[in-house]
């Protein structure tokens, strides 16, 4: 427990103590944490304080509450998203999904897919340089890892570019959208990603099965051809508690690619 001059709220001190116990291995994945009654007795606090302490860890995604059973250390291992390696052509060019760079031997599935022809939002039209009333091919997917929803993705591509190709189907085939774009003569060779964070909407929280208080990470990736033409905008919504974002690159300088 913290010293008497620690001015943090009691619930925060308890949460910090429990978090440290998890980090040290005292409580491992799947282990049950002390309940509200236990925390009340150990720390001499009211039930509301004990409840707040557990809520802090739950909102951080460290633990999960199971109705009628208690609060348990999450067994889910965060997904390491390798932002530089994943869109490399030796991934999709060899028939592998770009997601395979992240998942290792874990079970990732796309359990929801819709493909439609519609007008893209103004922000996307501006990036793809779509004319007024020009339609986009819109691909919406939900990705589930080890049984847990972790990512929502919506891709926008100029419909005039992909009409009649497998990109307009739910299953785009080996290598996915980028392999099909390459076959159409519009191979992506440069990518730009923009990252932001915010709290999820109610729909996002429900579709990602997120605990209250957990933020989402927003990643907007634009794919460019070697002529600098943007051919896809992919807006992704990630459960922040399910991801570690990894960027591995050299310190040497280089020239900026298309669209930068």
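The values are calculated or read from the model by the stated rules, or taken from the named source; none is laboratory data. Every value quoted in this text rests on a predicted model; they were computed, and no experiment measured them. Ideal geometry is used to build each Cβ from the backbone, glycine not excepted, and the neighbour counts take in all protein chains shown.
The residues in segment 165-174 that are surrounded by 14 or more Cβ atoms within 10 Å (Cβ to Cβ), more than 14 Å from residue 232 (Cβ to Cβ) and modelled with pLDDT of 95 or more can be counted, and the count is 1.
When the residues of segment 72-87 are filtered to those that are modelled with pLDDT of 70 or more and crowded, with 18+ Cβ neighbours inside 10 Å, the one that is nearest to residue 23 (Cα to Cα) is 73. Which residues, counting only those in segment 175-219, are under 19 Å from residue 112 (Cα atoms) and loosely packed, with under 14 Cβ neighbours inside 10 Å? Passing the criteria: 201, 202, 203, 206, 209.
Sort out which residues of segment 164-179 are farther than 17 Å from residue 154 by Cα and free of Cβ contacts under 8 Å to residues at least 60 places away in the same chain, and write them in order of number.
Scanning segment 164-179 gives 164, 165, 173.
Among 223, 250, which is in a loop (DSSP other than H, G, I, E, B) and either under 29 Å from residue 179 (Cβ atoms) or modelled with pLDDT of 85 or more (or both)? Steps first, answer last, please.
Details: 223 fails: in a loop (DSSP other than H, G, I, E, B).
After applying the criteria, what remains is 250.
When 107, 41 are checked against the criterion of being surrounded by fewer than 16 Cβ atoms within 10 Å (Cβ to Cβ) and modelled with pLDDT of 85 or more, a single residue qualifies: 41.
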